[in-house]
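Novice: Just dropping this structure here.
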Amino acid sequence: MDALDGNAIAGQLVVAFGHEMTTASGVCGRCGGQALLAETNVYLRAPGSVARCRACDNVLVVMVEVRGYTVVDLTGFSALEPA
Amino acid sequence: MERAALRGRLSWQLATVVELVEQTRRTKSIVLDPPDWTGHRAGQHVDVRLTADDGYQAQRSYSIASAPEDGHLELTVERLDDGEVSPYLVDDLRSGDQLELRGPIGGYFVWERSLGGPLLLIGGGSGIVPLRAMLRHHLATASDVPVRMLYSARSLDEVIYREELMRAGAEHAVDVRFTLTRKQPAGWDGYARRIDRDLIGEVAWPAGDRPLVYICGPTAFVETAAEALVGLGHEPGRVRTERFGPT
């Protein structure tokens, strides 16, 4: 399946963080590559939504909505700075 | 009270369909009147949610086709034959119906007059939609940055906003170029092939002019165009991309 990009989860990110996050800059915890959240490879048909590092494919973001709650896993980043 | 407390949050709202305009055989523009709308920036999108009688919900993102100055919210949706949401929006939705949406969303794939240019817009298929919002914003604000647009479609029949884009090319200082990849009318003098590095190189300003580039289309289209530009020496940070897929 072709990857989309972080624009595709922009709405979910606003709901989870309370503000625009696609222009936030993250550092990949595996390869150290830096990218905006908009510039990640995004898969919507995983269980939940998954964003991966374009350079090394490391899983950076997992978001799952369960019974009205959004569970967000960001442990793939070593740093994440809102714009 | 409740609305004030929720200000700034991204909430679902019911927008009334004011008008439907058939753009091509497979695409329709939906003009909406959301009750709680604070305006948008060119390039942003909304999330649309459909709920079936049994409670099943399906949600998709659609780019905003109108400029912030247009005074209404317009989405343009392409019908995907095996889609879960777009066949309803294109075939079944009627004026006066209500559509559940939230937005505006996104801060990355956005162009505002203050960002300057030169502005290079590259669209594939319905990827033209957010670029059309940027072009309208450019015209509405009398921005004087040079604008070039490259629009790839399968045939002239599938060119969305065809007359408007051709008019922008003829009446304003906007350089609009089309490439028709499958079928060309007799006497066609535009491009007639899929985008590749040569075509991008021919249309784009030299990297030294530092254009601000927006590319929207299917994933493979976007990646071909973005890789070509970076290969030609354009700064990756000035090449902004938005991919869509048959999700």
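The values are calculated or read from the model by the stated rules, or taken from the named source; none is laboratory data. Remember, it's a predicted structure, so these values are computed and weren't measured experimentally. All Cβ positions, even for glycine, are placed from backbone atoms using ideal geometry, and neighbour counts span all protein chains on display. The area values use the complete protein model at the heavy-atom level, side chains included, leaving out ligands, DNA and RNA. Shrake-Rupley method; radii C 1.70, N 1.55, O 1.52, S 1.80 Å.
Novice: With N residues in chain B, what two-decimal value do you get for its Cα radius of gyration over 2.2 N^0.38 Å?
Specialist: On the way: Rg = 18.2 Å, N = 247, 2.2 N^0.38 = 17.9 Å.
Taking N as the residue count of chain B, the ratio is 1.02.
Novice: Assuming a ≥ b ≥ c are the square roots of the Cα gyration tensor eigenvalues, decide whether the range A:4-81 counts as rounded (a/c under 1.5), prolate (otherwise, with a/b larger than b/c) or oblate.
Specialist: Here the range A:4-81 falls in the prolate category.
Novice: How large is ³J(HN,Hα), in whole Hz, for each residue of the range B:142-152 in order, when computed from phi with the Karplus curve 6.51 cos²θ - 1.76 cosθ + 1.60 and θ = phi - 60°, using x for Gly and Pro?
Specialist: Listing the rounded values in order: 6, 4, 10, 6, x, 10, 10, 10, 10, 10, 9 Hz.
Novice: Hey, with R₀ at 22 Å, roughly what FRET efficiency would residue B:156 and residue B:198 work out to, going by the Cβ-Cβ distance, to 0.05?
Specialist: Approximately 0.50, to the nearest 0.05.
Novice: Cβ under 14 Å from residue B:120's Cβ, residue B:120 left aside: what net charge do those residues give with Lys, Arg +1 and Asp, Glu -1?
Specialist: Computed value for this residue: +1.
Novice: Can you compute the helix-only [θ] at 222 nm over the protein assembly as shown? Use -39500 (n - 2.57) per DSSP H run of at least 4 residues, normalise by all residues, nearest 500 deg cm²/dmol. Each step should come with its number before you reach the end.
Specialist: Working: 6 runs with 55 residues, N = 330.
When only DSSP H runs of four or more count, the value is -4500 deg cm²/dmol.
Novice: Right, here's the next one. In a GNM of chain B with a 10 Å cut-off on Cα contacts, which of B:151, B:161, B:62 has the highest mean-square fluctuation?
Specialist: Fluctuation is largest for B:161.
Novice: Over the protein assembly as shown, what per residue volume does the convex hull of the Cα atoms give, in whole Å³? Walk me through the numbers before you get to the answer.
Specialist: On the way: hull volume 48.5 nm³, N = 330.
Once divided by residue count, the hull of the protein assembly as shown is 147 Å³.
Novice: So what does residue B:198 come to for accessible area, using a 1.4 Å probe and Å² rounded to 10?
Specialist: Surface accessible to solvent at residue B:198 totals approximately 110 Å².
Novice: Further question: With all protein chains present and a 1.4 Å probe, how do B:205, B:12, B:111 order by accessible area, largest first?
Specialist: Descending order: B:12, B:205, B:111.
Novice: Only protein chains counted, 1.4 angstrom probe. Which residues of the range B:90-125 are at least 20 Å² less accessible in the assembly than when their chain is isolated?
Specialist: Residues of the range B:90-125 that lose at least 20 Å² of accessible area once the other chains are added: B:102, B:105, B:106, B:107, B:108.
Novice: Determine the per residue accessible area of the protein assembly as shown with all protein chains present and a 1.4 angstrom probe, expressed in square angstrom.
Specialist: On the way: 15570 Å² over 330 residues.
In whole numbers, the protein assembly as shown has 47 Å² accessible per residue.
Novice: Take the solvent-accessible surface of the protein heavy atoms, probe 1.4 Å, and return the percent of it on the protein assembly as shown that carbon and sulfur atoms account for.
Specialist: Using a 1.4 Å probe with all protein chains present, the protein assembly as shown comes out at 46 percent carbon and sulfur.
Novice: So which residue, out of A:14, A:61, A:50, gets the largest mean-square fluctuation from a GNM of chain A using Cα contacts under 10 Å as springs?
Specialist: A:14
Novice: Mind checking how much accessible area B and A bury in total, 1.4 Å probe, in Å² rounded to 100?
Specialist: Protein heavy atoms only, the B-A interface buries about 1500 Å².
Novice: On C-alpha positions alone, give me the angle between the axis of helix B:219-231 and the longest principal axis of chain B, in degrees, nearest 10.
Specialist: Rounded to the nearest ten degrees, it is 40.
Novice: Beta carbons within 10 angstrom, averaged per residue: use that to sort the peptides B:178-184, A:71-77, B:53-59, highest first.
Specialist: B:178-184, A:71-77, B:53-59
Novice: Only Cα pairs under 8 Å and at least 6 apart count here; give the relative contact order of the range B:1-160 as a rounded whole percent.
Specialist: It comes to 27 percent, rounded to a whole number.
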